[in-house]
Amino acid sequence: MKAGEILNFVTYSQLNNDICKNLHKLPIDIDLVVGIPRSGMLVAAIIALYRNTPFTDIDTLLSGRFYSTGSTRKSNKWIQSLDEAKHILIVDDSISMGEAMNKAREQISLMGLNCKKTYCAVYALPTNFMSVDVFFKICNQPRMFEWNYMHHWGLKHACVDIDGVLCADPDFLQNDDSRRYENYLINATPNIIPTQPIGYLVTCRLEKYRSITESWLRKHGVEYDNLMMLDAPDAATRLRDIKQGEYKGNIYKNTDCFIFIESSYEQAVDICNVAKKPVFCIENSQLIRSNEIQAHVSNLVNDWRITSKKMARKILAKLKK
């Protein structure tokens, strides 16, 4: 990624909104929606539900079938077999090099279906939007989608939290310096394990737990370039004296990374405020940008759950004195 480039990060919510706002671009007579695996299946399901039409995937289509439904209220225009299809829509979430879309065209062409076919991508580039019949929105590179960000080359240019992202967070009683906490670190349940190397793992785990943390990462095949851990003597000091979001934000600020993936909304806001770069928050599936900080700060002030967490941390810190 080149210096100064802005990452286009698309959330599930934004995907749904972009589809909903652009449904009018699709022909009204579509009677079957076909998704290009894997991400295209997500788009196909959303469109089919909005339009109340059957949908399927490429392989099932090639076998001459499409998905059955449960108790969905079917339209009287629903086709009962593939032979009845007059107009099928083939969709993918995005088009880049066009390989997946071209392969779908070739496969469907060989079927010899006697019906109209429309090819669609939700997100296209300025250089390739004409390679599909319909596109919903131009989304330039570099871009990253919530539904595949842990399998994206861009992780090499990302800061990623550990607890709450790669594995489950410790509970209230585990989050100290006791044997319970060490047992948590050793046996933490994996959450989302990346398939691409991560540039910076940034955690508020204490430096003294580095070897245990490295062992867990090796065990679960997590590749990374840097592991940044908090240099504090104990958990009580961390809870009492360390502003964790500010700590993470300063690390992020001094890297060439273009995204921070954080589990805590409160910390995500602080990270963005310090680094002035975007943060994706797992807790509420929001992308936080620096020009929206005041709105997020207001949300935090009015969120009693955040206040409760702060109080719990203060109480725990006092108990550890």
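The values are calculated or read from the model by the stated rules, or taken from the named source; none is laboratory data. Everything quoted here is computed from the prediction, not taken from an experiment. Glycine gets a Cβ as well: all are built from the backbone with ideal geometry, and neighbour counts include every protein chain shown.
Structure values in brief
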| item | result |
| --- | --- |
| Unique residue being closer than 28 Å to Val279 by Cβ and aliphatic (A, V, I, L, M) when the list is Ala168, Ala85, Ala104, Ala100 | Ala168 |
| Residue among Asp176, Asp169 that is assigned to a loop (DSSP other than H, G, I, E, B), assigned by TED's automatic domain parsing to the domain that holds Asn284, among the acidic types (Asp, Glu) and touching a helix residue (DSSP H, G or I) at 6+ places or on another chain (Cβ under 7 Å) | Asp176 |
| Flag for Thr69 being touching a Pro at 6+ places or on another chain (Cβ under 8 Å), loosely packed, with under 14 Cβ neighbours inside 10 Å and either not aliphatic (A, V, I, L, M) or not assigned by TED's automatic domain parsing to the domain that holds Asp18 (or both) | yes |
| Within segment 85-117, considering residues that are among the polar types (S, T, N, Q) and buried (at least 16 other Cβ atoms within 10 Å of the Cβ), the one farthest from Thr53 (Cα to Cα) | Ser96 |
| Looking only at segment 112-128, and only at residues there that are modelled with pLDDT of 90 or more and aliphatic (A, V, I, L, M), the one that is farthest from Asn22 (Cα to Cα) | Leu125 |
| Of all residues in segment 258-307 being over 21 Å from the mean Cα position of the chain (by Cα) and outside any helix (DSSP H, G or I), the one that is surrounded by the most Cβ atoms within 10 Å (Cβ to Cβ) | Asp303 |
| Subset tally (residues that are more than 21 Å from the chain's Cα centre (by Cα) and modelled with pLDDT under 95) for segment 129-156 | 3 |
| Residue tally, condition of a type in the set (Phe, Trp, Tyr) and loosely packed, with under 13 Cβ neighbours inside 10 Å, over segment 207-235 | 0 |
| All positions within segment 177-188 that are surrounded by fewer than 18 Cβ atoms within 10 Å (Cβ to Cβ) and either touching a residue at least 40 places away in the same chain (Cβ under 8 Å) or touching a strand residue (DSSP E or B) at 6+ places or on another chain (Cβ under 6 Å) (or both) | Asp177 |
| Selection within segment 225-242 - part of a loop (DSSP other than H, G, I, E, B) and either of a type in the set (Val, Ile, Thr) or not assigned by TED's automatic domain parsing to the domain that holds Asp163 (or both) | Ile242 |
| For Arg238: the one exception among (1) under 21 Å from the mean Cα position of the chain (by Cα); (2) crowded, with 20+ Cβ neighbours inside 10 Å; (3) among the charged types (D, E, K, R) | (1) |
| Among the candidates Phe172, Phe145, Phe136, residue that is aromatic (Phe, Trp, Tyr) and loosely packed, with under 14 Cβ neighbours inside 10 Å | Phe172 |
| Matching option when the condition is over 28 Å from Ala236 (Cα atoms), acidic (Asp, Glu) and modelled with pLDDT of 80 or more, among Glu283, Glu292 | Glu292 |
| First in segment 63-76 and at positive phi, second anywhere and outside any loop (DSSP other than H, G, I, E, B) and at pLDDT 65 or above, Cβ under 8 Å, 6 or more apart | Gly64/Leu82 |
| Matching residues, segment 239-263, being touching a residue at least 60 places away in the same chain (Cβ under 8 Å) and in contact with a strand residue (DSSP E or B) (Cβ under 9 Å, 6 or more places away or on another chain) | Lys248, Ile251, Tyr252, Thr255, Asp256, Cys257, Phe258, Ile259, Phe260, Ile261, Glu262, Ser263 |
